[in-house]
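Chemist: Sending over a structure as structure tokens; questions will come in a sec.
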Amino acid sequence: MNKTAIIYSFNTKKTGKVAQKIREAFSDEQVEMVNAEEITEELFTSCNQIIMGVPTWFDGELPNYWDEFVPALEELDLKGKKIALFGLGDQKGYPENFIDALGIMAEILENQGATLVGFTSVEGYEFESSRARRGDQFAGLAIDYENQASMNNDRVNAWVEQLKREFS
Ligand SMILES: Cc1cc2nc3c(=O)[nH]c(=O)nc-3n(C[C@H](O)[C@H](O)[C@H](O)COP(=O)(O)O)c2cc1C
């Protein structure tokens, strides 16, 4: 049986809403919601599908509350682990730093040996630059509540179907 963990800070509200949508889209799987501030090594060994949600704050930075999470992550050996990232941002308000935090987190996870899955096309977004960009893709799923909320459900559902293939 697949065991899925969705990790995000319980203090980041819109990210929580997207996490809930992802959980619903995985309807037949066992999905655990995990507060990023309380991660354990055991979680990473016990789950074979790990998803992490990261909003961008402060002009291209990780949010508050992540001060404990990031050093804890940097202690983990994530070799061979597949991890998918989703990021929230505002492409009109912050076109030069659109979902930068997803890119920051992608780099941290890759440094710890993780393999990232769930890359998506940059088509359909308008922005100038993003640390999350890899060629014509983002290193995960980009969600923009401020400007494209009506696309959230379709984007999440398509992404979860992609993840079901890429995690296996
Ligand atoms: C002070 C502030 C700074 C922000 N900086 C960025 C940014 O640099 N890049 C970006 O894409 N979005 C930025 N945003 C937009 C947020 O990422 C967006 O509102 C997101 O939905 C917040 O999710 P949350 O409620 O889960 O924290 C910023 C928002 C605020 C309030």
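Each reported figure results from applying straightforward, stated rules to the coordinates on display, with no laboratory input. Since we're looking at a predicted model, the values are computed, not measured. Cβ placement follows ideal geometry from the backbone for every residue including glycine, while neighbour counts extend to all protein chains displayed.
Chemist: Using the Kirkwood radius over C-alpha pairs as Rh, can you work out the diffusion coefficient of region 49-157 via Stokes-Einstein at 4 °C, viscosity 1.567 mPa s, in µm² per second?
Modeler: 93 µm²/s
Chemist: What FRET efficiency comes out for the pair Glu123/Lys14, r = Cβ-Cβ distance, R0 = 30 Å, nearest 0.05?
Modeler: For Glu123 and Lys14, the calculated efficiency is 0.85.
Chemist: Right, next: Using 0.36 nm per residue of separation minus the Cα-Cα distance, give me the extension gain between Glu32 and Asp59 in nm, one decimal.
Modeler: Roughly 6.7 nm would be gained on extension.
Chemist: Can you list residues from other chains, or at least 5 along the same chain, whose modelled amide H is less than 5 Å from the amide H of Gly140?
Modeler: Amide H neighbours of Gly140, under 5 Å, 5+ apart: Thr120.
Chemist: Counting Lys and Arg as +1 and Asp and Glu as -1, what is the net charge of the other residues whose Cβ lies under 12 Å from the Cβ of Val18?
Modeler: Local net charge: +4.
Chemist: Count charges around Met105 for me, please; just the other residues with Cβ under 12 Å from its Cβ, Lys/Arg as +1, Asp/Glu as -1.
Modeler: -4
Chemist: Dividing the Cα radius of gyration by the Kirkwood radius, what Rg/Rh value follows for region 94-166?
Modeler: 0.96
Chemist: Next question, about the same structure. Given 0.36 nm per residue, what is the gain on full extension from Glu96 to Glu75 after removing their alpha carbon distance, in nm?
Modeler: 4.5 nm
Chemist: Additional query: Once every DSSP H run of n ≥ 4 in the chain is given -39500 (n - 2.57) and the sum is divided by its residues, what mean residue ellipticity at 222 nm do you get, rounded to the nearest 500 deg cm²/dmol?
Modeler: Result for the chain, helices only: -9500 deg cm²/dmol.
Chemist: So what are the radius of gyration and Dmax for the Cα set of region 1-120, in Å?
Modeler: 13.6, 42
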